[in-house]
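Accompanying notes for the structure given below.
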Amino acid sequence: MYNLEENWYKKASSKVIIKKAIEMKTLVEKPTTGDGQVELTHLINLLHEIEYKNKMLRDSKSFIHPKRKENIENRLKYFAWKYFKYIKGFTINTFNFWNEQHPIEDPDKWADMVMQMYRDSYGNDLMSYFSKHKITWGGIEYDITEAPADRELIKEYIEQIKNDDSENLLWMIKSFLRDQNIDEETASLDMSNNEDFINYYIRDMDSNQYLEYIDENSIKELVKTKLYRDYSYTWGTTVEQIKENIKNAIDRINSINEKNSISEMTMAISLALNVQHAAGTIMIDYGNNDESYILGDINSAYLDLLSNLDVKEWEDEFHREFAI
């Protein structure tokens with residue numbers, strides 16, 4: 001739900017970030033924090049600032065010596081390209097990581113990803129976790145008892161009770177035969193490889209007994225089949241569209257080189273920001289694996305701010321810096 005108070009706070013916070021770019025008098029090779037990290041929003045702000053000042057330079061009615069104008073343009077272009085490459089590297093790495101975490105086209109890889117995310121969150125003892133919680137993904141959930149039982153374990157158990165408790169096994173087999181309308185006098189203890197009997201044996205279990213035959217492979221099979229089926233049906237088209245949008249954004253970014261205009265650089269980054277925002281908050285949720293960057297609040301309030309910048313201070317700064 002949209003929270004007006006929270007959004008106001010984030011918007012106010014974003015103004016502080018924009019202020020950093022405005023107050024920066026000297027462009028540097030790699031603007032970093034005291035910890036040597038690059039603040040992504042700061043780089044984006046600087047790129048917008050450079051684009052605006054470059055436009056002011058082109059549109060200026062004041063006389064500027066052609067050589068001086070060229071030197072200023074080259075300086076702005078040099079730093080714009082520097083900052084663009086930093087933003088490009090982070091953006092593409094983050095988008096690629098998101099793609100890796102959403103292998104919707106491959107059920108087996110998708111199931112591996114889901115299982116690994118659960119391990120990362122709850123540790124390696126997933127059986128202990130799933131014995132108390134449902135398997136949930138994308139708003140879809142399944143109880144662990146929906147997972148297929150390990151049939152090999154059941155076969156081993158049938159062989160065991162064949163030797164240890166043959167009378168009880170024979171009673172179960174006769175019940176099975178009656179259920180199948182087969183003469184119970186034909187009962188044989190050699191039923192461990194009879195798939196129909198195994199199915200009957202499974203159906204006859206209570207939930208606690210059934211859990212004894214569930215392992216991580218069983219859970220992965222549930223994830224790969226039923227959960228994947230429902231997730232793909234509910235979210236598949238959305239994920240595929242996001243992947244297509246990401247591909248277009250990456251292609252656009254990769255098409256930019258230092259010969260492109262500063263505006264083209266900014267437009268390519270803006271496309272990527274809109275793609276990540278339309279998909280939720282990809283950069284915030286999936287960009288934290290790169291510790292060389294600080295993300296800042298790349299949210300709707302920040303994007304609104306970029307679209308409605310107060311450039312008065314940039315204009316004043318431009319006149320002071322270049323005496324134009």
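For this structure, a couple of remarks:
- Unique match (being under 21 Å from S207 (Cβ atoms), in contact with a helix residue (DSSP H, G or I) (Cβ under 9 Å, 6 or more places away or on another chain), at pLDDT 90 or above and surrounded by 13 or more Cβ atoms within 10 Å (Cβ to Cβ)) among Y142, Y83: Y142
- Qualifying residue in segment 18-33 (condition: of a type in the set (G, A, S), surrounded by 12 or more Cβ atoms within 10 Å (Cβ to Cβ), part of a helix (DSSP H, G or I) and at pLDDT below 85): yes
- The lone exception for S131 - which of (1) under 30 Å from L306 (Cβ atoms); (2) surrounded by fewer than 14 Cβ atoms within 10 Å (Cβ to Cβ); (3) in contact (Cβ under 8 Å) with a residue 40 or more places away in the chain it fails: (1)
- For beta carbons closer than 6 Å, sequence separation of 6+ or different chains, a first residue in segment 76-102 that is farther than 19 Å from T41 by Cα and a second that is assigned to a helix (DSSP H, G or I), the qualifying pairs are F97/Y286; W98/I282; W98/Y286; Q101/M113; H102/V239.
- Some residue of segment 142-153 being among the basic types (K, R), in contact (Cβ under 8 Å) with a residue 24 or more places away in the chain and not in a loop (DSSP other than H, G, I, E, B): yes
The values are calculated or read from the model by the stated rules, or taken from the named source; none is laboratory data. Since the structure is predicted, the reported quantities are computational estimates derived from the model, not experimental observations. Quick reminder, even Gly has a Cβ in these numbers, built from the backbone with ideal geometry, and neighbours come from all protein chains shown.
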